[in-house]
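*Asks:* Quick one: structure below, then a few questions.
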Amino acid sequence: MGSPENPSFTLMESLPPEPYRIKMVEPIRLPSREEREEVLKKASYNVFRIPAEHVFIDLLTDSGTGAMSHFQWSALLRGDESYAGAQSWYRLREILQELTGKAWIFPVHQGRAAERILMNAFPVRGKVFVSNGFFDTTRANLLLRGAHPIDCPSPARPSSDHPDLEVGPPPFPGDLDLATTRQILMRTPPEQRGAILLTLTSNTYGGVPVSFHNIQQARALADAFHLPLWMDIARLAENCWFIARYEHPEKTPYQIAREICRMADVLLMSAKKDGLVNIGGFLALDDPTLAEQCRRELIAGEGFTDYGGLAGRDLEALAVGLQESFDFQYLSTRIAQVRFLASLLEEAGLPVLKPIGGHAVYVDAGKLYQDQIPPEHLPASVLTAFFYLAGGIRVSDLGTLAFGKLQNNQIVQPAPAEVVRLALPRRVYTESHLRYVGRIAREITQTLPPWKGFRIVDAPDVLAHFTARLEPLI
Ligand SMILES: *Cc1c(COP(=O)(O)O)cnc(C)c1O
């Protein structure tokens, strides 16, 4: 897996040519301006409510939206759909054991199923969990079970004031703040300490990587407090590319990944990201007692241990996808695409969060509209809707609707930041698509938004961004 040695990095100045070519196409269409106005209105200004056929460039998420290779498509055909002992399962298990070194591997239909299983199996109630950045569902799964998740991101996390687009040598912006973590653990009584969880890369704080050094230190800290170290490895390959690029150029991303996995007690993976599949995930661990609990949870809620919630063909696609995801050329192209998009958006005048991570560009809508739209009027939602209106581009609103406190359709507390995310699906869009997004971004910065802000018509109190209905202020 991966290339035997890292090729030169001079490619990073521009966009390297994609190490694949197109063999099947899916037509996409840009609706007219009038249609887009109509679609937005019908969707109550929430892009989650827009039927995908009306979207031209879809940057809502990189989750499950990637393109599979012809190796993956052909592997689907040899999917063994036996309930127990399917060959597809043995093939996947071998690849996962080689990568993770873990004795127990449980396939699941997606990442949050692994979270649910682990957190039902491990006594989390009343305990403190510390992370460089909990993903929303990880946090929700802990909160639902009465645990206390605490984010401890590095103080160097991305911001629009940061001078460089590029990550650079360690410390990495996705690192866990070790000193604060230690303080939190010190003031927590031993019986209330749960685990340290590292999210690779840190999706919550810009998709930025965690350094190898920081992972080692986190392991040592967990040992000092006799705590397990859990890792959420949804974007392990991308994280390892940054380590190979800036910290350990003598190693391949795959070699690094193997070492990282062996530092964890528990691994959780949503394979819809770096697994290069449209559905899938797994949970991997060594502790036989915990494994027995997880096995029971898996069978009760997800499926038998040999397939999780997946079809045999899904297991095949994942086995192939995981290997492809560590390819150095593929990763270099992907991460260069993300950086290229960021540079276009920045040139267009959007305040992007820097340095740039591995899967998405994050824009500070609060800063862009600081003189026009106060947080109560949802600047991130306005920018999100504007991307669709101006160019049929769907991005994701990670502002107050997603992270603010709402009650009865009122904003009790705005989110700490009004962020909009442009996530790049893997192997899907080309340079000209990205340039188009850059052109639309310029249009957006050169005109005032057509709305003074939005008002919530109705929204649930939690995770409002998925279903909220909005209406423009007049
Ligand atoms: C997507 C994601 C998850 C959850 O996985 P799903 O497959 O969406 O259920 C967990 N952690 C991180 C970091 C993620 O990006």
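The values are calculated or read from the model by the stated rules, or taken from the named source; none is laboratory data. Note that the structure is a prediction, hence the values are computed from the model and not measured. Cβ coordinates were reconstructed from backbone atoms using ideal geometry, including for glycine residues, and neighbour counts include every protein chain displayed. Calculation scope for accessible area: heavy atoms of the full protein, side chains included, ligands and nucleic acids excluded. Shrake-Rupley method; radii C 1.70, N 1.55, O 1.52, S 1.80 Å.
*Asks:* Quick one: net charge around N408, please, counting Lys, Arg +1 and Asp, Glu -1 for every other residue with C-beta under 12 Å from its C-beta.
*Replies:* -1
*Asks:* Once amide H atoms are built 1.01 Å from N in the peptide plane, which residues 5 or more positions from I57, or in another chain, come under 5 Å H to H?
*Replies:* I393, R394
*Asks:* Related question: Among residues other than L200 whose Cβ falls under 12 Å from its Cβ, what is the net charge (Lys/Arg +1, Asp/Glu -1)?
*Replies:* That sum, taken over residues with Cβ under 12 Å, equals -2.
*Asks:* Taking Cα atoms, how many degrees apart are the long axis of helix 111-121 and the longest axis of the chain, rounded to 10 and kept between 0 and 90?
*Replies:* 50
*Asks:* If you rank E34, E297 by how much accessible surface each has, with a 1.4 Å probe, what is the order from largest down? Each step should come with its number before you reach the end.
*Replies:* Working: E34 125, E297 55 Å².
Final ranking, largest accessible area leading: E34, E297.
*Asks:* Please figure out what share of the DSSP beta bridges in region 197-335 is antiparallel and state it in percent, rounded to the nearest 5.
*Replies:* Expressed as a percentage, antiparallel bridges in region 197-335 total about 50.
*Asks:* Report ³J(HN,Hα) in whole Hz for each residue of region 373-381, in order, from the Karplus equation J = 6.51 cos²θ - 1.76 cosθ + 1.60 where θ = phi - 60°; Gly and Pro get x.
*Replies:* Working through the residues one at a time gives 10, x, x, 5, 9, 6, x, 5, 5 Hz.
*Asks:* Explain nothing, just the number: dipole magnitude of the chain about its Cα centre with +1 on each Lys and Arg Cβ and -1 on each Asp and Glu Cβ, in debye rounded to the nearest 20.
*Replies:* Details: 48 positive and 54 negative charges, 105 e Å.
So the dipole magnitude of the chain works out to roughly 500 debye.
*Asks:* So how far apart, in nm, are the two label points at A103 and E53 if each is 7 Å from Cα heading toward Cβ?
*Replies:* Here the answer is 5.3 nm between the modelled labels.
*Asks:* Hey, another quick one. From the helices alone, meaning DSSP H stretches of at least four residues, give me the mean residue ellipticity at 222 nm for the chain, per-run term -39500 (n - 2.57), in deg cm²/dmol to the nearest 500.
*Replies:* After summing the helix terms and dividing by residue count, I get -11500 deg cm²/dmol.
*Asks:* Right, another one. In whole Å, what is the distance between the alpha-carbon centres of region 53-84 and region 125-172?
*Replies:* 29
*Asks:* Could I have the simple spin-label model distance between Q410 and A179, label points 7 Å from Cα toward Cβ, reported in nm to one decimal?
*Replies:* 4.1
*Asks:* Around E191, under 12 Å between beta carbons, what's the net of Lys plus Arg minus Asp minus Glu among the other residues?
*Replies:* With Lys, Arg at +1 and Asp, Glu at -1, the neighbours total +3.
*Asks:* List the residues whose amide H sits under 5 Å from the amide H of T199, counting only those 5 or more places along or on another chain, with H placed 1.01 Å from N in the peptide plane.
*Replies:* Amide H neighbours of T199, under 5 Å, 5+ apart: N132, G133, D232.
*Asks:* Using θ = phi - 60° and the Karplus relation 6.51 cos²θ - 1.76 cosθ + 1.60, list the HN-Hα couplings for region 319-336 in order, rounded to whole Hz, with x at every Gly or Pro.
*Replies:* Each residue's phi maps through the Karplus curve to give 4, 6, x, 4, 5, 5, 5, 8, 5, 5, 5, 4, 5, 4, 5, 4, 6, 5 Hz.
*Asks:* Sticking with this structure for a sec: Which one, L401, Y429, Y388, projects farthest toward the positive side of the charge dipole computed for region 335-431 from Cβ point charges (K/R +1, D/E -1)?
*Replies:* Y429
*Asks:* Whole-Hz Karplus ³J(HN,Hα) for region 166-183, in order, using 6.51 cos²θ - 1.76 cosθ + 1.60 and θ = phi - 60°, x for Gly and Pro?
*Replies:* 7, 5, x, x, x, x, 8, x, x, 4, 6, 6, 5, 5, 5, 4, 4, 4
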